[in-house]
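What follows is a set of notes on a single structure, which appears directly below.
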Amino acid sequence: MTDLSVRADNGVDQHRLLVTELPGPRSRELMARKVAAVAAGVGTTMPVFAARAGGGVVVDVDGNHLIDLGSGIAVTTVGSSAPRVVEAVQRQVAAFTHTCFMVTPYDGYVAVAEALNRLTPGDHEKRTALFNSGAEAVENAVKIARVATGRDAVVVFDHAYHGRTNLTMAMTAKSMPYKHGFGPFAPEVYRAPVSYPFRDHKELDGQLAAARAIEIIEKQVGAANLAAVVIEPIQGEGGFIEPAPGFLPALVEWCRSNGVVFVADEVQTGFARTGDMFACDHEGVVPDLIVTAKGIAGGLPLSAVTGRVELMDAPHVGGLGGTYGGNPLACAAALAAIETIEADGLIERARQVERLMKDRLQRLQADDDRIGDVRGRGAMLAVELVVSGTTNPDPDLTKTLATKAHQAGVIVLTCGTHGNVLRFLPPLAIGDDLLHEALDVLAEILASTR
Ligand SMILES: *Cc1c(COP(=O)(O)O)cnc(C)c1O
């Protein structure tokens with residue numbers, strides 16, 4: 001038993017293995033119970049229930065071994081049972097589970113704040129506050145920007161995803177399924193055009209795309225009313241859209257000269273995922289506030305806002321917090337996840353994953369004009385699928401490919417405003433052979449749908 005907690009693969013055989021059809025009988029039984037007990041609005045990507053996971057494999061309740069190219073939506077970057085995380089949480093759960101940091105604080109929270117202040121872009125003096133979910137942290141970044149600037153307006157972008165709470169629904173672009181029927185939404189949220197190289201005119205480089213966004217912001221919102229610009233440096237749910245070089249630096253510069261707080265939502269892109277510790281590092285972008293969650297704590301719920309001391313200290317005492325924010329188990333997990341990223345060289349590992357996967361995806365693209373674009377960085381990669389010979393989105397093909405991959409035992413996710421992006425987010429604990437096998441499966445499925 002004890003050995004299981006110190007192995008990166010968690011004792012899980014690192015092979016794809018199908019012992020039943022998918023879903024198997026136990027999963028089908030559990031799905032019937034889910035339908036009878038869980039609200040219908042909570043959907044699932046695959047009708048398969050997990051029993052155990054480690055390395056690059058999720059084992060289901062019927063004993064099928066699935067290749068994990070999803071990481072529970074970019075969460076288990078260090079693996080779903082990373083040894084340091086397992087040990088740290090076991091140690092902490094035996095010491096105490098909760099005291100509430102706002103009642104009797106504990107050192108894990110402070111240590112996570114110190115680590116985030118050290119690791120996030122920029123060497124200015126920083127402070128951090130911890131929360132539970134990405135959406136909650138985004139909301140707090142807006143609170144902080146508003147109180148620090150005395151302004152109300154928030155600018156977000158086309159294709160943005162920032163969460164499912166009321167304010168973050170207003171900030172999220174896509175109606176179905178995130179917003180449909182759930183309004184009215186929070187006011188003072190404005191949307192600007194983003195840089196989307198695959199779909200923009202070829203002349204629209206990063207500078208011009210930023211100028212286009214800034215013009216709309218100045219004309220329709222007015223810099224003097226604007227508290228914050230909030231942007232994902234690579235858009236996640238919106239389609240893994242990587243802006244043209246120069247877009248983010250130009251936006252930051254405009255924010256600086258207009259007293260607007262530049263907020264990077266790195267909930268999906270953070271913690272080695274993109275081949276840098278943070279996606280902003282790629283172009284040397286230094287956000288005023290950075291929002292993190294997902295990959296921060298190896299699967300435990302934790303999120304953070306980190307930023308300039310003068311902004312972070314603007315809210316009055318008692319103005320920030322929450323019962324569970326910075327829970328001790330989540331903090332122990334975060335420290336262990338960060339140690340794993342640094343000690344195991346996972347930033348370099350993400351770059352290796354990019355080289356291996358991009359090379360193969362680009363070769364698939366060369367033979368198949370339904371792959372309109374191959375993009376992303378590190379272990380955050382995607383293909384955008386289009387109708388052959390056009391750039392028209394093909395969500396039906398995307399759905400077909402995802403379903404066939406699932407049936408073949410490969411966990412993949414879709415995304416994109418048009419639902420035509422197949423995205424890959426493998427844990428960095430996955431081996432090259434599993435990545436190759438998953439790409440073999442994808443190649444076969446592409447061939448079978450021609
Ligand atoms: C997932 C996500 C969120 C919301 O995080 P939750 O933990 O689901 O609330 C916010 N922003 C981005 C970029 C995300 O990918």
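We did not get these values from a lab; they are worked out from the coordinates using the rules stated. Since the model is a prediction, treat every value here as computed from it, not as a measurement. Cβ: placed from backbone, ideal geometry, glycine included. Neighbour counts: every protein chain shown.
For the reader, a short list of remarks on this structure follows.
- Semi-axes of the equivalent ellipsoid of the stretch 338-450 are 26, 14, 13 Å, computed as sqrt(5λ) over the eigenvalues of the C-alpha gyration tensor in descending order.
- 5 angstrom amide H check on Gly372, placed H, neighbours 5+ away: Glu384, Leu385, Val386
- Against the empirical 2.2 N^0.38 Å (N residues), the chain has a Cα radius of gyration ratio of 0.96.
- The stretch 84-343 - Kirkwood radius from inverse mean 1/r over Cα pairs (Å): 18.6 Å
- Here the stretch 311-325 is scanned for amide nitrogen atoms under 19 Å from the site 7 Å beyond the Cα of Val103 along Cα-to-Cβ, giving 318-325.
- Rh (Kirkwood; distinct C-alpha pairs) - the stretch 263-344, Å: 13.7 Å
- Neighbours of Thr128 by Cβ distance under 12 Å: Lys/Arg scored +1, Asp/Glu scored -1, total +1.
- Between Val353, Val61, Val410, the GNM of the chain built on Cα springs shorter than 10 angstrom shows Val61 fluctuating the most.
- Proximal charge balance of His162 [Cβ under 10 Å; K/R count +1, D/E count -1]: -3
- Gap separating the Cα centres of the stretch 384-413 and the stretch 125-194, nearest whole Å: 30 Å
- Coupling constants for the stretch 54-64 follow from the phi torsions by the Karplus curve (6.51 cos²θ - 1.76 cosθ + 1.60, θ = phi - 60°), and in residue order they are x, x, x, 10, 10, 9, 8, 5, 9, x, 6 Hz; glycine and proline get x.
- Cα gyration tensor shape of the stretch 278-412, rounded if a/c is under 1.5, else prolate or oblate by comparing a/b with b/c: prolate
- Subtracting the Cα-Cα distance of Thr44 and Val93 from 0.36 nm times their residue separation leaves 14.7 nm of extension gain.
- Considering only Gly299, Gly43, Gly11, the Gaussian network model of the chain with Cα springs below 10 Å gives its largest mean-square fluctuation to Gly43.
- Remark on the stretch 1-151: Rg and Dmax equal 20.2, 60 Å (Cα only).
- For the chain, the relative contact order works out to 22 percent when only alpha carbon pairs closer than 8 Å and six or more residues apart are counted.
- Computed from the C-beta positions of Glu342 and His436, the FRET efficiency with R₀ = 25 Å rounds to 0.35.
- Electrostatic bookkeeping for Leu364 treats Lys and Arg as +1 and Asp and Glu as -1; over the other residues with beta carbon under 14 Å from its beta carbon, the sum is -2.
- Take every DSSP beta bridge whose two residues both sit in the chain; close to 65 percent of them are antiparallel.
- Table column - 3J(HN,Hα) (Hz), the stretch 12-24, Karplus curve with 6.51, -1.76, 1.60, x for Gly and Pro: 8, 4, 8, 9, 7, 8, 10, 9, 9, 5, 10, x, x
- Helical segments meeting 20 Å axial Cα length and Kyte-Doolittle -0.5 threshold in the chain (DSSP H): 134-149, 206-220, 328-343, 432-448
- GNM flexibility winner over the chain from Glu203, Glu136, Glu188 (Cα, springs under 10 Å): Glu203
- Phi angles of the stretch 379-387 translate, via the Karplus equation with coefficients 6.51, -1.76, 1.60 and θ = phi - 60°, into HN-Hα couplings of 9, 10, 10, 8, 10, 9, 9, 10, 5 Hz per residue; Gly and Pro are given as x.
- Shape of the stretch 138-245, Cα gyration tensor, a/c cut at 1.5: oblate
- Residues in the stretch 55-70 that a label on Leu18 would reach, taking backbone N under 13 Å of a point 7 Å out along Cα→Cβ: 64-67
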